[in-house]
Structures are given as C-alpha cells and as structure tokens.
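For reference, the structure discussed in these notes is given below.
The values are calculated or read from the model by the stated rules, or taken from the named source; none is laboratory data. In this text the structure is predicted, and so the values were computed from the model without any measurement. Heads up, the Cβs are rebuilt from the backbone with ideal geometry, glycines too, and the neighbour counts pull from every protein chain shown. The accessibility values were calculated without ligands, DNA or RNA, using every heavy atom of the protein model including side chains. Shrake-Rupley method; radii C 1.70, N 1.55, O 1.52, S 1.80 Å.
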Amino acid sequence: EYEQRFEDERKRLEQTATTDAARRMFRKAAIARQEQFLNRVGKHFNDQRTAYRKVVLDTTVAEATESAIVDHENPEHANDVRNATYNYYVSRGYSDKVAQSMADEARSKLHLAVVKSLGVTNAVAAEAYLEKHKDQIDPTLRAGALEPLMENVRLQRANEDLADLSSRHILNTTDGDKAAIKSLRDKYKNNPKQLAASEKRLKNELIRLE
C-alpha cells in the first residue's frame, strides 16, 4: 500500500517537471528515495517478524517444559521444543549445523528441568529419567546435574533401605543389627557411596532406638 502510494505521488510530481532533463533527474532522485524508504520499511517488518517468531519460540519452550514436568513419560514435549527451536534458527538464516546444535541444547535444558523437578519429590525417579534420556542431554550439562541429584538419590534409597530392614529384622538387638548391616553390605557391595549412606542412616536409627 505505501509502496503504491509513493509510486503514484512520484509519477504525479514527475509530470510537473518542465523538461526531459529535469524529469530524468527527478526520476533518479525519486527512485533512490523510494529504495531508501522500502529498505527502512522492510527492515522494520523483518525486525517485527523476527521478534514475533522469538516470542512464539519462547512461549512454545515454556509451555512444553511445564507439560513435560507434569507428564514426563510423554516424549513429544521434548520433540516439540527441539523442532520449534530448529525451525526458529533456520528461519533466521542460520546453517543447519547451528540450528541442530541450538535445538539439541534446548531439548537438553527441558530434560534437566524435568530432572530438577522430579528430584524434589522423587530423586530415584529423577535418576531413572536422566538415565533414560542421557543420549538427548549434553554430557556437560548432564554431569553438572548428576552429582547433586545423586546425593538426594542416596538419601532416598537409604530411607527406603531403613524401612525395608525394619520390616525384616528386629533392630536394636545384636542379631537384628548384624543381619541388617550384612544385608546392606551384600546389596551394595559394588556401590560404596550408597552403602555408606544407607549404613549411616541405619546407625542413626539405632542410636535413636537406644
């Protein structure tokens, strides 16, 4: 619309020029001004379109992440984030390699958000989720999330072990305590960190029962 109005006005003014030379000079100057105008309009439009696409991407990522936290068994939430991120960077003119990298990073962050949320309520489930999706999580990001998570995992398992031992052995008796400790050592002979956590939890309970 603006382009047509500009062109109509240019033609009208051009006709008012009194000589061919004047009309040619006017036409040359008008075309240059028109190109400048269209470039400014085009840049504004592209900036608005880019901003809109970024809003759409951010909204998609936020909503998919929230959905994944609630429904972490559904892999489509992570796929939605990856696809949306890939398409956004392709639309911005980035290479396929860069778009793929950004998409993979976005998917990694979604998985880690799920792990963080699960870790608050069920660290063992969070560990299982992390293991299940390890191939879709950047190794550096995964390593950063794993160690603090494992502390919660060991604590949760130590509490579960105590409940199990209490149901199978009479604690705070010589035979019961020996049997409970042996059970833990047999169970975690290849997992010294978990053994240490579970033994500590058991010993604290024995102190409490004295």
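Restricting the stretch 136-174 to residues that are of a type in the set (S, T, N, Q) and under 15 Å from Leu118 (Cβ atoms), which is most open to solvent (accessible area, probe 1.4 Å)? Lay out the reasoning, then the answer.
Step one: list which residues in the stretch 136-174 are of a type in the set (S, T, N, Q), which gives 136, 140, 152, 156, 159, 166-167, 172-174.
Adding the requirement that they be under 15 Å from Leu118 (Cβ atoms) leaves 152, 156.
Numbers: Asn152: 75, Gln156: 42 Å².
Step by step, filter the stretch 136-174, then rank; the result is Asn152.
Residues that are more than 38 Å from the chain's Cα centre (by Cα) and farther than 13 Å from Leu162 by Cβ were ranked within the stretch 178-205; the one that is most open to solvent (accessible area, probe 1.4 Å) is Lys178.
Annotation note: Cβ proximity below 7 Å between a residue of the stretch 190-201 that is farther than 15 Å from Glu147 by Cβ and a residue that is open to solvent by 30 Å² or more (accessible area, probe 1.4 Å) (sequence gap 6+ or interchain) occurs for Leu195/Arg185; Ser198/Arg157; Glu199/Ile181; Arg201/Asn159.
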